[in-house]
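K.L.:
One structure, as structure tokens, below. Some questions next.
Read the figures in this text as sums done on the coordinates, not as results from a lab. Treat the numbers as computed from the prediction; the structure is a model and nothing was measured. When we count neighbours, we look across all protein chains shown, and the Cβ atoms used for this are built from the backbone with ideal geometry, even at glycine.
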Amino acid sequence: MKDRVAEPMKNLRRGRAAVKASLAVSALTFLASCARDAPQDTWQPAGPNAERIDNLQRPVFYVAGVVGVIVFLAVGWAIWRYRDRGQAIPEQTHGKPVVEIVLTVIPALILLGVAIPTAGTIFKLAKTSDTEMTINVTGQQWWWEYDYPAVGSNAEQYGITAPIVTSGQLVIPENTKVLLRVTSRDVIHSYWIPKLNGKKDSVPGRVHLLRLEGAKPGIYAGQCTEFCGLSHAYMRMEAVVLSRADYDSWIANQLEAYTSPEAGTLAAEGEGVFIQQCSRCHQVNGLLNADGTPIISAPDQYLVSGAAPNLTNLMTRNTFAGASWDLLTPECREDVWKSDSATFGAKYLNGVTTDCLNQKDLREWLRNAPLKKPMYANPENLAATGGKYRGMPALGLTEDQINLIVAYLLERK
């Protein structure tokens, strides 16, 4: 008899312990979500489009919270009030029209109250007729390419007189409605800068439109939100918002003619190594062969995607390898990210200096890129792709070659 009573008590204690553990985990998760200044926090909008989303999600969240509390209290009360005490099964009753109608009408009204403002917000976010400049965004495994075409208002209002192609960081002027034309070269990705707008899928063969606008200078982090392969977690992006004057300076710098490093320097030697090892896939605008002809990369011959990041002004960006790692050291990165709107532009436009270069991650990448960012489940099996690589292969560079390439890249700004 004692054993028959003890076993249910043990199960009851285990159940209570499980409930307590679940509540503790839920509480910790909730508190973690409340951290301020999170890079990808949807509760801290930094542009009109994100504010529209925030204005919608907050009342919905509050209503859902109230409904959730009521449901949990009702369920808890029912479990306690009607718990099994060995009593007979109560009389079963069915067909309470008033209760059924009330429990149908109330949820319907709540859903209707959510649906109407949701539909209005969706239409407002989908509007693109008022955009002031256009940028093409192309996703691939596992980085984002940004192409600023020299057409229309881009050329007339923003001085983009020749196409600008970058990667990792999208750079836009503040208080400007920017039209992103989002597509993909391989699989489906999803573009999301939480503080500036909602998500937009990047689909091969299709162009999806997304309006982006930043209210004040700064850097806003994002993440691919559609599982797209081995390194999906490393497929990140950042939107850099600059004042109009700083943006004009950025454009002018991107359009400056290429200048070779001074003869006899490590950077000059690095230019030669870059031409031999990297230029077949990576474009540097203005780079010339020994005979004076322009070097045009041909990544379609070596890569599945047929494209690799343009490195023309690499050190004007803060990130590399699909924004997976910072080009800046932690100290310098924090100085840029946490600067106020008045000083941010100057710090960002200063680019990556020798003192601030994140040598560790950049050298690891040059030493063995697939080890740092997985690209193939089986790196040895390239037969299915005709010998082409999914991403940057391990080039087998010597430490001396890496030193020279780093010296050369430091001058690309």
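K.L.:
Taking the beta-carbon count within 10 Å as an exposure proxy, list H208, H94 from fewest neighbours to most.
P.N.:
Fewest to most other Cβ atoms nearby, the residues stand as H94, H208.
K.L.:
To continue, here is another question. Kindly flag which residue pairs out of K127/K195; K216/K413; K200/K413; K338/K360 have an alpha-carbon separation exceeding 29 Å in this structure.
P.N.:
Listed pairs above 29 Å: K200/K413.
K.L.:
Going by average Cβ neighbours within 10 Å, how do the peptides 73-81, 153-161, 385-393 rank, with the highest at the top?
P.N.:
385-393, 153-161, 73-81
K.L.:
Under a GNM of the chain (C-alpha, springs under 10 Å), which listed residue has the highest mean-square fluctuation: R367, R83, R206?
P.N.:
R83
K.L.:
Applying 1/(1 + (r/R0)^6) with R0 = 22 Å to the Cβ-Cβ distance of V187 and A126, what FRET efficiency is obtained, to the nearest 0.05?
P.N.:
Between V187 and A126 the formula returns 0.35.
K.L.:
Among V241, V182, V336, which one shows the highest mean-square fluctuation when the chain is modelled as a Gaussian network with alpha-carbon springs under 10 Å?
P.N.:
V336
K.L.:
Another one. Just to verify a number: FRET efficiency for F61 and Y258, C-beta to C-beta distance, R0 = 56 Å, to 0.05?
P.N.:
0.65
K.L.:
Looking at the square roots a ≥ b ≥ c of the eigenvalues of the Cα gyration tensor of the stretch 152-229, which shape do they give, rounded for a/c under 1.5, prolate if a/b is larger than b/c, or oblate?
P.N.:
Oblate, since a/c reaches 1.5 and b/c is not below a/b.
K.L.:
Sticking with this structure for a sec: Please find, in a Gaussian network model of the chain (springs between Cα atoms separated by less than 10 Å), the residue of E100, E364, E334 whose mean-square fluctuation is greatest.
P.N.:
E100
K.L.:
Further, regarding this structure: Label the stretch 170-287 by shape, choosing from rounded, prolate and oblate, from the square roots a ≥ b ≥ c of the eigenvalues of the Cα gyration tensor; if a/c is under 1.5 it is rounded, and otherwise prolate applies when a/b is larger than b/c, oblate when it is not.
P.N.:
Note, shape of the stretch 170-287 comes out oblate.
K.L.:
Of all chymotrypsin sites (Phe, Trp or Tyr not before Pro) in the stretch 180-231, which ones are in loop regions per DSSP and have a Cβ with at most 12 other Cβ atoms within 10 Å?
P.N.:
F227
K.L.:
Related question: Can you list the residues, at least 5 places off or on another chain, whose amide H is less than 5 Å from the amide H of Y389, using H built in the peptide plane?
P.N.:
The list, which skips near neighbours in sequence, is L303, V304.
K.L.:
Grab every C-alpha pair in the stretch 292-381, bin the distances at 10 angstrom width from 0 up to the longest one, and report whole percents.
P.N.:
Result returned by the calculation: 14, 37, 29, 17, 3, 0.
K.L.:
Between the stretch 210-262 and the stretch 44-105, what is the C-alpha centre distance in whole Å?
P.N.:
Result: 44 Å between the Cα centres.
K.L.:
In nm, give the distance between the simple-model label positions of Q40 and D400, each being 7 Å from the Cα along the Cα-to-Cβ direction.
P.N.:
In this crude spin-label approximation the distance works out to 4.3 nm.
K.L.:
Using the count of nearby Cβ atoms within 10 Å as a rough guide to exposure, how do L210, L125 rank from fewest to most?
P.N.:
Starting with the residue having the fewest Cβ neighbours, the order is L125, L210.
K.L.:
Relative to the longest principal axis of the chain, what angle (0 to 90°, nearest 10) does the C-alpha long axis of helix 2-33 take?
P.N.:
Between the helix axis and the principal axis of the chain, the angle is about 40 degrees.
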